[in-house]
Amino acid sequence: MGGEGSMMAANQSLKSNRNMLAKRKEKSFSFVSNSTEKTEYNLPKASEKDIAFLRNKFKREHKLRRTKQIILLIISLVAMIFLLIYLV
């Protein structure tokens, strides 16, 4: 019968891929560690004044970003409407 050689090659390929997968899992990189040691961070303490300043800054940036998005959306919609009117 024809095709035995190709089926044998397919089986060998699957077997080698399975073996490579097992090796990859052993050496995989992960951000989760099984270590019991605790990492120490030297983070500065934030005062209420700093937190309020950052909160206001982020609110202003968010409002500015949202305004730019709305303006861009309006310009895009107006351009599409004019394009549709011109084509029809």
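Structural remarks
- Residue-level check: of (1) part of a loop (DSSP other than H, G, I, E, B); (2) hydrophobic (A, V, I, L, M, F, W, C); (3) within 27 Å of the chain's Cα centre (by Cα), Ala46 misses just (3).
- Extreme residue, modelled with the lowest pLDDT, among residues of region 3-32 that are open to solvent by 80 Å² or more (accessible area, probe 1.4 Å) and in a loop (DSSP other than H, G, I, E, B): Lys27
- Long-range neighbours under 6 Å by Cβ, at least six apart or interchain, first residue without any contact (Cβ under 8 Å) to a residue 24 or more places away in the chain within region 39-64, second surrounded by 10 or more Cβ atoms within 10 Å (Cβ to Cβ): none
The values are calculated or read from the model by the stated rules, or taken from the named source; none is laboratory data. The model shown is predicted, which means the values in this text are computed figures rather than measured ones. Cβ: placed from backbone, ideal geometry, glycine included. Neighbour counts: every protein chain shown. Accessible surface is based on the protein model in full, side chains and every heavy atom, while ligands, DNA and RNA are left aside. Shrake-Rupley method; radii C 1.70, N 1.55, O 1.52, S 1.80 Å.
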